[in-house]
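One structure is given here, and the rest of the page talks about it.
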Amino acid sequence: MTTQTSIAGIKLKSYVFNASGPRDVTLAELKKIGESAASAIMMKSCTIKPRLGNEEPRYAALPYGSIQSMGLPNLGYQEYIKMIPVLKKYDKPVFASVAGLSPADFPIMVKAFQQSAVDAIEVNLSCPNIKGKPQVAYDFIASANVLKKISRLGKKPLGLKLPAYCDLAQQQMMAKLIKKFGIKFVTCINSLGNCLVIDGHGEKPVIKPKQGLGGLGGQYIKPVALANVRMFYELLPKNINLIGVGGISSGQDAFEFLLAGAAAVQVGTAFQERGPACFNKIDDQLVKILTNKKYPSINSAKGKLKFL
Ligand code: RRO
């Protein structure tokens, strides 16, 4: 039994790969993902120019996850384009991730990746950690403006990395845009933005940027991520694939996302904390669950959540 799956027609040898963010900024880090059991290589969200990111400390591990305000540290999109031929040698799909600092940045980067050998492009509309810049996908007019600029620049599938929505009306608005602009996959969810973790002993936040506000990840946000996958599974046609991310650290977590309707999952905090061995471990555990439950494939269990 395998957990092979596909996203926007791109074949993946397993259900599990890395989320954009942790351990995927440099070529050396991306090569380690290539060597691992991750079924694809997702690159760090990039900007037009290289960025060092926010001030340290900007990441803290927590009992059930993490909080961070990295601030988009990356090498600039042109460096990632140069890496693609090297990364393609690992015989797995390579995903680019683009995060414009202004609406005009998105078409420049999407066009360049459309002309590269990358397999698909995840458009990040949900970075919570750029000072003075709101998460684009909470503003549906701004989102439509970006999607209009990027939807016809080439044939490679475009996906959206979305923030957590906590109201069905928001998911309905976004689903309309996804359908209108031909988006082929949707990744739910980015870290839960602008959370505050306080070290009561020191009477301070645990990270420095934005007075301690940062994106919460890991087990804390799994119910939010599952709900977003499920609602988009119900709102979108079945040929638009969902990728689940948020609190996946075991095969059981991955199985829950599969029941909710995810075609694949990405691992963020658990990859940061445990390193590349996590991919094989999570996928192996998922295989055991599917075998015990007599599901012969990913597709046979996808979306099969039962109701009380
Ligand atoms: O780099 C970051 O601070 C960051 C990004 Br771009 C993102 O999309 N989500 C996140 O939690 N951190």
Could you list all residues from the stretch 157-175 that are within 16 Å of the ligand (Cβ to nearest atom) and part of a loop (DSSP other than H, G, I, E, B)?
-> Pro163, Ala164, Tyr165
Leu242 vs. criteria hydrophobic (A, V, I, L, M, F, W, C) and more than 29 Å from Gln68 (Cβ to Cβ) | no
Out of the stretch 23-49, which residues are β-branched (Val, Ile, Thr) and open to solvent by 10 Å² or more (accessible area, probe 1.4 Å)?
-> Val25, Thr26, Ile48
Taking the stretch 262-291 and the residues there that are buried (at least 23 other Cβ atoms within 10 Å of the Cβ) and outside any helix (DSSP H, G or I), the one that is nearest to the ligand (Cβ to nearest atom) would be Gly268
Extreme residue, farthest from the ligand (Cβ to nearest atom), among residues of the stretch 23-38 that are within 24 Å of Leu125 (Cβ to Cβ) and outside any helix (DSSP H, G or I) = Ala38
Counting only residues that are out of contact with any helix residue (DSSP H, G or I) (no Cβ under 8 Å at 6 or more places or on another chain) and either within 11 Å of the ligand (Cβ to nearest atom) or open to solvent by less than 30 Å² (accessible area, probe 1.4 Å) (or both), the stretch 203-220 contains a total of 7
Would you be able to say whether some residue in the stretch 251-259 is touching a residue at least 24 places away in the same chain (Cβ under 8 Å) and open to solvent by 40 Å² or more (accessible area, probe 1.4 Å)?
-> yes
So Lys11, is it out of contact with any Asp or Glu (no Cβ under 6 Å at 6 or more places or on another chain), more than 21 Å from Ile183 (Cβ to Cβ) and either within 11 Å of the ligand (Cβ to nearest atom) or basic (Lys, Arg) (or both) | no
When you go through Ser6, Ser20 one by one, which is the residue that is more than 16 Å from the ligand (Cβ to nearest atom), open to solvent by 10 Å² or more (accessible area, probe 1.4 Å) and within 30 Å of Thr291 (Cα to Cα)?
-> Ser6
Give the residues of the stretch 50-66 that are of a type outside the set (S, T, N, Q), open to solvent by less than 50 Å² (accessible area, probe 1.4 Å) and within 9 Å of the ligand (Cβ to nearest atom), sorted by residue number.
-> Gly53, Arg58
Quick one: which residue in Gly275, Gly202 is in contact (Cβ under 8 Å) with a residue 40 or more places away in the chain and more than 15 Å from the chain's Cα centre (by Cα)?
-> Gly275
Has the stretch 172-188 got at least one residue that is closer than 17 Å to Pro63 by Cα and free of Cβ contacts under 8 Å to residues at least 12 places away in the same chain?
-> no
Tally time: how many residues in the stretch 136-156 are open to solvent by 20 Å² or more (accessible area, probe 1.4 Å) and either in a loop (DSSP other than H, G, I, E, B) or more than 15 Å from the ligand (Cβ to nearest atom) (or both)?
-> 14
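The values are calculated or read from the model by the stated rules, or taken from the named source; none is laboratory data. Remember, it's a predicted structure, so these values are computed and weren't measured experimentally. Because the Cβ atoms are built from the backbone with ideal geometry, glycine has one as well, and the counts that use them run over all protein chains shown. Side chains are part of the model used for accessible areas, which takes the heavy atoms of the whole protein and leaves out ligands, DNA and RNA. Shrake-Rupley method; radii C 1.70, N 1.55, O 1.52, S 1.80 Å.
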